[in-house]
Amino acid sequence: MATITVGTNSYVTEAELTTYATDRGITLTGAPDVLLIKAMDYLDTQNLTVPDPVPDQIKTAQMVAALLIDSGENLLAPQGQRVLSESVAGAVSVSYSDTGRQSTYYPQLAALLRPYLGSAGGNTFEVRRG
């Protein structure tokens, strides 16, 4: 099975993105070519194993990522520990979670990419602090 190399410009065309958005009643505010490049930047960080030909799920994931970016989401934002609480009463007090990151979860995007995530050996695992 051949694989697509990281750095590919796009898995979908601008016309495909525009049609995908229009079919869902969404009007793009950004330039489709820029949105697709930013979406590929995100996909390139996901350690995907993408077969050739590119599966429809990967193409859809790029379009979903592009729509999220167009709506103002920053999929490449730094992620740190999730803040559980903050209070200011003289001194600042902040509590962090040991089990989560400060990020937004996009279930549709995660479901589309799940079959293609993994290291070179195809194994993935989650590390948690105890």
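Which order do the peptides 49-58, 32-41, 18-27, 109-118 come out in when sorted by mean C-beta neighbours inside 10 angstrom, highest first?
Top to bottom by mean Cβ count within 10 Å: 32-41, 109-118, 49-58, 18-27.
Using a Förster distance of 30 angstrom, determine the FRET efficiency expected from the C-beta separation of ALA77 and THR27, and round it to 0.05.
Approximately 0.80, to the nearest 0.05.
Taken together, the values in this text are just the output of simple stated rules run on the coordinates, not laboratory data. All values reported here derive from a predicted model rather than from experimental measurement. We place every Cβ from the backbone using ideal geometry, glycine too, and count neighbours over all the protein chains shown.
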